[in-house]
Amino acid sequence: MPRRKVRGATLVEVVFGISVSAIVIFGGMIALVSTLGGWSRGQSKIEAELEATQAMRHLRDTLREAMVIQVDIDGKGMTYRLPLRDGDGDYQQPAAWDGITRRFEVRDTGELVAVNDGVERTLVKGVAVLDPRNGNPAPYHPFQPGPGAIVRQVVVQIVTERQIHREGTKAYGRNRETIILRNTPTLIN
């Protein structure tokens, strides 16, 4: 009977195979961690942008109906008046104030708050007090009145920030819009 040779792997071949497998697995892990970091940064940026957009939409829809707007000197708050409506929800003519004190303000705690006749409601958390545009954090004015003695428009800028998960950095969302008041009373000469 002929003898059959049984061949196995040598120690060098086993070590070489394990080394190549380890390099491939290590490279895959680095790619996965890098992808997850990019995903986390993107998710934080999307959240910041979404909250800034939602806050701006609420401000825009509310302030367009305002009769009078008074912006604080520091630009962090504004008081506004809405016209009186009748039982059908239409504006009464001539336009008159409904008597309810309303206000929007950005607090140092990073909250955009709506105050409606003394009742507070937080619209957005995580509003940045400093705008880090161009890498140089500087204070900004969320509310800026338009030109003239009677404010017919206001520029609103909301900058929101979100902590990027597993990183020490933040993602920012910015939204800036000029809002024209529809119900500004006209001056009678």
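The values are calculated or read from the model by the stated rules, or taken from the named source; none is laboratory data. All values reported here derive from a predicted model rather than from experimental measurement. Positions of Cβ are backbone-derived with ideal geometry, glycine not excepted, and every protein chain shown enters the neighbour counts. The protein model used for the area step is the full one, side chains on, heavy atoms only, and it has no ligands, DNA or RNA in it. Shrake-Rupley method; radii C 1.70, N 1.55, O 1.52, S 1.80 Å.
Go ahead and run the numbers for FRET between Trp97 and Val155, Cβ-Cβ distance against an R0 of 25 Å, rounding to 0.05. Intermediate values should be presented prior to the final figure.
Values: r = 24 Å, r/R0 = 0.94.
Between Trp97 and Val155 the formula returns 0.60.
List the lysines whose Cα lies under 30 Å from the Cα of Lys170, skipping any in the same chain that are fewer than 8 positions away.
Those lysines meeting the cut-off are Lys45, Lys76, Lys125.
For the chain, what is the accessible area per residue in Å², given a 1.4 Å probe and the full set of protein chains?
68
Can you tell me which of 82-91, 102-111 comes out highest on packing, and rank the rest after it, using the mean Cβ neighbours within 10 Å? Each step should come with its number before you reach the end.
Values: 82-91: 11.5, 102-111: 16.4.
In decreasing order of mean packing, 82-91, 102-111 become 102-111, 82-91.
Pop the C-beta distance of Glu120 and Leu50 into the FRET formula with R0 = 25 Å and round what comes out to the nearest 0.05.
Working: r = 23 Å, r/R0 = 0.91.
Result of the calculation: an efficiency of 0.65.
Using a Gaussian network for the chain with springs between C-alpha atoms less than 10 Å apart, which of these wobbles most: Gln70, Gln43, Gln92?
Comparing Gln70, Gln43, Gln92 in the GNM, the peak value goes to Gln92.
Could you give the size of the charge dipole of the chain about its Cα centre, using +1 on the Cβ of each K and R and -1 on the Cβ of each D and E, expressed in debye and rounded to the nearest 20?
Numbers: 25 positive and 21 negative charges, 299 e Å.
For the chain, the charge dipole is close to 1440 debye.
Expressed as an acute angle from 0 to 90° and rounded to the nearest 10, what is the orientation of the C-alpha long axis of helix 11-63 relative to the principal long axis of the chain?
10
Give the residue from Leu63, Pro132, Thr101 lying farthest towards the positive end of the charge dipole for region 1-146; charges sit on Cβ (+1 for Lys and Arg, -1 for Asp and Glu) and the dipole is referred to the Cα centre.
In region 1-146, that residue is Pro132.
How big is the charge dipole of region 29-121 about its Cα centre, in debye rounded to the nearest 20, if each Lys and Arg gets +1 on its Cβ and each Asp and Glu gets -1 on its Cβ? Write down the numbers at each step before the final one.
Details: 12 positive and 16 negative charges, 67 e Å.
That gives a dipole near 320 debye.
Ignoring ligands, DNA and RNA, what percent of the accessible area of region 22-86 is carbon or sulfur (1.4 Å)?
Within region 22-86, the accessible surface is 65 percent carbon and sulfur.
From the convex hull of the Cα coordinates of region 116-174, what is the mean projected area in square nanometres?
Numbers: hull surface 25.2 nm².
Projected area, direction-averaged: 6.3 nm².
With each label point set 7 Å from Cα along the Cα-Cβ vector, what nm distance links Arg60 and Leu32?
For Arg60 paired with Leu32, the spin-label model returns 4.2 nm.
Based on alpha-carbon atoms only, what is the radius of gyration of region 15-80 relative to the globular estimate 2.2 N^0.38 Å? Write down the numbers at each step before the final one.
Values: Rg = 25.1 Å, N = 66, 2.2 N^0.38 = 10.8 Å.
My calculation over the Cα atoms of region 15-80 gives 2.32.
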